[in-house]
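Written out below as structure tokens is the structure these notes cover.
Computed from the coordinates by the stated procedures, all read-outs in this text should not be read as laboratory data. Predicted model, so just to flag it, every value in this text is computed and none were measured. Positions of Cβ are backbone-derived with ideal geometry, glycine not excepted, and every protein chain shown enters the neighbour counts.
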Amino acid sequence: MTAITPDSLTVPRKDAPEAKPNLVGLTRDGLHDALIAAGTPEKQAKMRTGQIWGWIYQKGVSDFAEMTNLAKEYRTMLADNFTVARPEIVTKQVSADGTRKYLLRINGGHEVETVYIPEEDRGTLCISSQVGCTLSCSFCHTGTQKLVRNLTPAEIVGQILVARDDLDEWGIPPGEKRMLSNIVLMGMGEPLYNFDNVRDAMKIAMDPEGISLSRRRITLSTSGVVPEIARAGDEIGCMIAISFHATNDETRDKLVPINKRWNIATLLQGLRDYPRLSNSERITFEYVMLKGVNDTDADAHRLVRLIDGIPAKINLIPFNEWPGAPYERSSNNRIRAFGDIVNAAGYASPVRKPRGEDIMAACGQLKSETERGRREKVR
Ligand code: SAH
Ligand code: SF4
């Protein structure tokens, strides 16, 4: 007998026999093939693909009945065979600073978080690529959670669709200012350990006849999966950010344990060989400021020596605390002094303003509330 849990009641399981395939997250070719398999004449398939693509990604439609440039019988055929589904919003929290955090439920009853950060000149959506993470960076709360599974392209793109629904931002003419103008792959998970799904999802985000975000407005952050960085340049073409965080291997081994596999020298060589490197496409180095661990003047000087010759920007991230975290945030004065040294060496060194801290939405805090809630329930 199959146990009935609240999750099995609210979320159709993808592996359940009655679940219809979701058209969200298919590449253009995948959508084309799915339409043919469902009986669309080959001659029409290209046009139908374009039409349906536009409805899903430009207008945000999820009901086939609203796809009014398709014949009625064709819409019925689509509805009989497919769905256009997004992750379900479990909770939405809005911070005093306007940051919105969505807790989303995906197939299997798992949960991921997505954060929307409004700023004066842009609006950034921070999306997750995995449930949990295989890596265990010691300052990151997501890292305390085991990897549950990779997100599918539908679940990655679905985060964008959910946010645009909530921002009521569909059907905007090209060139007009958008509330959701940028994407950062800086939520839960290591995007380069879910390469194919992240690539397919970002291709959909960049498609000019769909969500249509420029590749320069998408930033993928990696802890340093060296062999996949060049591939990301070739196959996705988005901007790259590196979670650097330390200036010697001993410290980086502790903070970002993937350093034991690809150390600082190997990582920097990989970046020097990165095909897209240029002054207009600088690499962002993320550097979390941890009191007494990696924040001395000597660290700052070492950092600029290490990255010499790489067109770069250094993003200083004040550490965001989480319950039980073994670190403290460096003082504002320390962060400023560190930034001044980096700046004097010719690198922009903006300090990332913590956003949405009151709702645990800041960098490295994701999943914490949910996990705590679960543990309490178990108790
Ligand atoms: N796994 C990828 C992307 C997700 S983490 C990566 O590690 O790059 C996004 C950024 O938040 C990374 O630079 C990460 O190092 C940083 N981060 C993680 N925990 C943090 C914390 N508690 N405070 C501040 N930044 C943190
Ligand atoms: Fe994973 Fe990134 Fe957190 Fe490290 S910082 S544990 S790679 S999500």
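Structure notes:
- Here's the list of lysines a cross-link from residue 146 could span, going by alpha-carbon distance under 27 Å and ignoring same-chain residues fewer than 8 apart: 14, 92, 101, 254, 260, 291, 367, 377.
- Cysteines without a disulfide-compatible neighbour (Cβ-Cβ under 4.7 Å), the chain: 126, 133, 238, 363
- Space enclosed by the convex hull of the alpha-carbon atoms of region 227-279, per residue, Å³: 83
- Highest mobility in the GNM of the chain, judged by mean-square fluctuation with C-alpha springs under 10 Å and restricted to 356, 39, 98, is found for 39.
- Note on region 75-192: Cα-Cα pairs beyond 20 Å make up 47% of the total pair count.
- Burial order of peptide ranges 329-339, 104-114 (average beta-carbon count within 10 Å, highest first): 104-114, 329-339
- Adding -39500 (n - 2.57) for every DSSP H run of four residues or longer, then dividing by how many residues the chain holds, sets the calculated 222 nm ellipticity at -10000 deg cm²/dmol.
- Rg [Å, one decimal], Dmax [Å, integer] - the chain, C-alpha atoms: 21.8, 70
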